[in-house]
Amino acid sequence: MNKAVFRGLAPLVVLAALLFRLPGLGLRPMHHDEANQAMKFGALLETGEYRYDPADHHGPSLYYLTWVLAKALGRPTTASLDEAMLRLLPALFGAGTVVLLLLFSGAMGRAAALAAGLLAALSPAFTYYSRFYIQETIFVFFIATFALALWKYRERPTGTRAAAAGLAAGLMFATKETSVIIFAAVGAAVLLTRGLNKERAVASPAERKPRPLRDLALGLGPAVLSAAVLFSSFFRHPRGILDAVLAFGNYLAKSGDPGFHAHPIGYYLGLLTYSRTGGLVWSESLILALACLGIIAAVRKRGEFPVAAALASLLAAAAFSLPAYKTPWNVLPFHLGFIILAGIGTEYLFRMLRKAPLKIVAGGLLGIGLLHLAWQSGQASFRYSADPRNPYVYAQTSSDYLKLVKRVDDVAAVLPDREKSLIKVVCGLYETWPLPWSLRRHTRVGYWQEAAAAGGFEDAALVIASEEQAARIRPLIADTFHEEFYGLRPDVLLTLFIRTDAWERFLDGRRR
C-alpha cells in the first residue's frame with residue numbers, strides 16, 4: 001500500500017471509531033463501578049483533594065485526566081457533571097488507540113496497520129468499553145503508547161525514545177495495577193524474540209548504538225516520577241506511593257477469593273469467540289482467525305515486531321485467564337495484541353493469495369466480516385447497551401432504574417424543600433450504587449445499611465430500600481407511605497417509599 005492511499009484511508013478509520021464511540025454517551029444507565037468512579041472524581045473536582053484507595057479503586061490517572069476535561073468544558077461541581085461528559089474521556093482515548101495503531105505502520109506495514117486500526121474501530125469489545133467511565137480504555141491507550149515507544153526505541157535507540165517509553169509505563173501503572181502483567185509479558189516477549197532472532201538485525205536508516213545504562217535511567221526516571229506524582233496526589237499525600245505497592249496484596253486476595261467474579265479459564269476466549277443468549281449471537285471470531293494468520297506470519301517470516309507481538313499477546317492472555325477472578329473488560333489489554341496480530345494476518349493473507357479472483361473473494365468475505373463487527377458494535381453500544389443478552393454487559397444497572405430516579409426527581413420537584421427534601425437510603429453496599437451518583441443534586445440524602453440504624457422514617461419524604469431492608473421498614477411506617485418497586489440489576493429489586501403527603505402533592509401536580 002503506497003503512502004498516499006494510506007493517508008487517504010486513515011482518517012476514515014478514525015472517523016469510524018468516533019462514530020461508534022461518541023453518539024448517545026448518556027443513553028445507558030450508570031454502571032455501579034462508573035458511579036463509584038464518578039463520585040470519587042467529584043470529590044477531587046470540588047475540593048482538590050484525592051487520596052489513593054488501594055482497597056477498591058484503581059490508579060488515579062482517570063480522575064486527573066477527567067479533571068482536565070471538566071475544567072476545559074466548564075464543569076466545576078459534581079452536580080454539573082453528567083454521564084455523557086464523563087464517558088467522553090474514555091471515548092476519546094478509545095479513538096486515540098485507533099490512531100496509535102495506525103502509527104505502527106513502520107513496524108508492521110501500512111496495510112497491516114490500517115487493518116488493525118479498522119478492526120479496533122469496529123471491535124464490539126473495544127467500542128462498548130470505550131463508552132464506559134472506567135480505567136480500561138485509558139489503560140489500553142497507554143499500553144499502545146508504551147509498545148509504540150519501545151518499538152521506536154528498538155529502531156533507533158535515543159534517550160528521548162527511552163524517556164517516552166518510561167513515561168507511558170508510568171502512566172500505565174498509574175492507571176491499573178494489572179500493568180505489571182503487561183510489563184512481564186512484554187519483557188519476556190522481547191527477551192525471547194531477541195533469542196530467536198540473534199542473527200537478525202533491525203534495519204535502521206541511521207545506526208545508533210544503544211547506551212543501556214543511560215537509557216535505562218532515562219526510562220525509569222519518567223516512569224517512577226509520573227506514577228509517584230499521581231499516586232501521591234502531587235506529593236500532598238506521599239502515603240499513596242506505598243499504598244500503590246501494598247495494593248498488590250488486595251489483588252492477590254481477590255484472585256484467591258473471586259466470589260461473584262469467578263469464571264472458568266476459557267471465559268475470555270469464549271467471550272470473544274462466540275456467545276449466544278436469548279436469541280442474540282455475538283462473535284469476534286474474525287479478529288481471532290486473522291490473529292492466528294498473524295501468528296503464522298510471525299513464525300514463518302520471523303520479523304522481530306510480529307514475533308514479539310505474538311509472544312506478548314499470548315503470554316498476557318494466559319496471565320489474565322489463569323486466575324479465577326475475571327471481569328469482561330479485562331479482555332481489552334491482550335485483545336489489543338490480538339488486533340495487532342489480526343492486522344498482520346490480514347496483510348499476510350492478501351500476500352499469499354497471488355491470483356486476483358482469490359483476492360476479490362477474500363476481500364468480499366473480509367468486507368462481510370467487517371460489516372458484521374460494525375453491526376455488533378452498534379447493537380452492543382446502542383440498542384442492547386444495558387441488556388443482559390449483550391455478553392459485554394456485566395452486572396449492569398437496569399433501564400428500569402432510570403424510572404426510579406425520575407420518580408424521585410419528580411416528587412421532590414413538587415415539595416416545598418425540593419432538592420433539600422430528606423431522602424433516606426437503606427441498602428447493602430451492593431444495592432446502594434449507583435444511587436449516590438443519581439441523587440447527587442439532592443442535598444439531604446442519608447445512607448444506612450440497616451433499617452434500625454436510620455433512626456425512624458417519619459421525617460423522610462422518600463425512602464429507598466433493598467428488598468431485605470424494605471421488609472423491615474414496612475412494619476415501622478404502617479400505611480403512611482406509598483410504595484413502588486423498581487429493578488436495579490437482574491434479580492435485584494429496590495423499593496421506593498413516598499410519604500403520603502408527598503405522594504398526594506405529586507398526584508395533584510399531575511392533575512393540573
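The values are calculated or read from the model by the stated rules, or taken from the named source; none is laboratory data. Computed from a predicted model, the values in this text were never measured in an experiment. Neighbour counts are summed over all protein chains in view; Cβ atoms, including those assigned to glycine, are modelled from backbone coordinates with ideal geometry.
Observations
- Of residues in the stretch 489-498 being surrounded by 20 or more Cβ atoms within 10 Å (Cβ to Cβ) and at pLDDT 95 or above, the one nearest to Pro29 (Cα to Cα): Leu494
- Test: residue in the stretch 7-22 that is in the same structural domain as Pro76 (by TED's automatic domain parsing), within 25 Å of Asn390 (Cα to Cα), within 20 Å of the chain's Cα centre (by Cα) and not in a helix (DSSP H, G or I): yes
- Residue tally, condition outside any helix (DSSP H, G or I) and of a type outside the set (Val, Ile, Thr), over the stretch 69-87: 6
- Listed conditions (1) under 19 Å from the mean Cα position of the chain (by Cα); (2) at pLDDT 95 or above; (3) surrounded by fewer than 24 Cβ atoms within 10 Å (Cβ to Cβ) are all met by Leu62, apart from (3).
- Number of the condition not met by Thr346 [criteria: (1) outside any helix (DSSP H, G or I); (2) out of contact with any Pro (no Cβ under 8 Å at 6 or more places or on another chain); (3) hydroxyl-bearing (Ser, Thr, Tyr)]: (1)
One line per residue, one yes/no per condition, for (1) farther than 30 Å from Asn2 by Cβ; (2) of a type outside the set (Ser, Thr, Tyr); (3) assigned to a helix (DSSP H, G or I); (4) not assigned by TED's automatic domain parsing to the domain that holds Pro333:
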| site | (1), (2), (3), (4) |
| --- | --- |
| Tyr52 | yes, no, no, no |
| His57 | yes, yes, no, no |
| Tyr63 | yes, no, yes, no |
| Trp67 | yes, yes, yes, no |
| Leu89 | yes, yes, yes, no |
| Gly96 | no, yes, yes, no |
| Gly106 | no, yes, yes, no |
| Leu119 | no, yes, yes, no |
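- Only one entry of Val281, Val245 meets the criterion of being outside any helix (DSSP H, G or I) and farther than 30 Å from Glu155 by Cβ, and that entry is Val281.
- The listed residues are Arg161, Arg110, and the only one of them that is surrounded by fewer than 24 Cβ atoms within 10 Å (Cβ to Cβ), touching a Phe, Trp or Tyr at 6+ places or on another chain (Cβ under 8 Å) and free of Cβ contacts under 8 Å to residues at least 24 places away in the same chain turns out to be Arg161.
- Any hit, the stretch 238-254, residues being modelled with pLDDT under 80, surrounded by 13 or more Cβ atoms within 10 Å (Cβ to Cβ) and in contact with a helix residue (DSSP H, G or I) (Cβ under 8 Å, 6 or more places away or on another chain): yes
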